[in-house]
Amino acid sequence: MDYLDDLAKEDERLGALHFEGLPESWANVCTRFAIVMDAKDRGDEETVKNTIYPDIDAGIDGIRWINACADSADNGSVWTKF
């Protein structure tokens, strides 16, 4: 999938099968946490600083997004402010 950005390709596990599943998502998150924990143990602050993984703000945004989806569905699938 050459059209994907390199950051997106880092999380692609199954190629062009388009299998977007929860286990793969958790595997990606856990892998990033493991990379950061290992880097922290080795004193590699550059890797810690440059590794992207979800934080509390991403979790809060996810909850806000789910709530906006539910509000939209409850109101006839209208656009809902996020």
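Derivation of every value follows stated rules applied to the coordinates shown; laboratory data play no part. Just so we're clear, the structure is a prediction, and the values are computed from it rather than from any experiment. Counting neighbours? That spans all protein chains shown, and the Cβs are built from the backbone with ideal geometry, glycine included.
Over the chain, what relative contact order in percent results from Cα pairs under 8 Å that are six or more residues apart?
So the answer I get is 17 percent.
Mind listing the phi-derived Karplus ³J(HN,Hα) values for the stretch 72-82, rounded to whole Hz, using 6.51, -1.76 and 1.60 with θ = phi - 60°, and x for any glycine or proline?
4, 4, 5, 10, x, 6, 8, 4, 10, 5, 9
Report the one residue of Val36, Val48, Leu22 whose Cα lies farthest in the direction of the positive end of the charge dipole of the chain (charges on C-beta: Lys and Arg +1, Asp and Glu -1; origin at the Cα centre).
Value: Leu22.
Exposure proxy check: Val48, Val36, Val78 ranked by fewest other beta carbons within 10 Å?
Least crowded to most crowded, the residues run Val78, Val48, Val36.
Among the lysines, select those whose C-alpha is under 24 Å from the C-alpha of Lys49, and discard any that sit fewer than 8 residues away in the same chain.
Lys9, Lys40
How large is the charge dipole for the chain, taken about the Cα centre, if only the Cβ atoms of Lys, Arg (+1) and Asp, Glu (-1) carry charge, to the nearest 20 debye?
Around 220 debye, computed over the chain.
So what's the Cα pair-distance distribution over the chain, bin width 10 Å, in %?
Spelled out bin by bin, the chain gives 15, 30, 33, 18, 4, 0 percent.
Using helices alone, what [θ] at 222 nm do you get for the chain, with -39,500 (n - 2.57) per DSSP H run of 4 or more residues, divided over all residues and rounded to the nearest 500?
-19500 deg cm²/dmol
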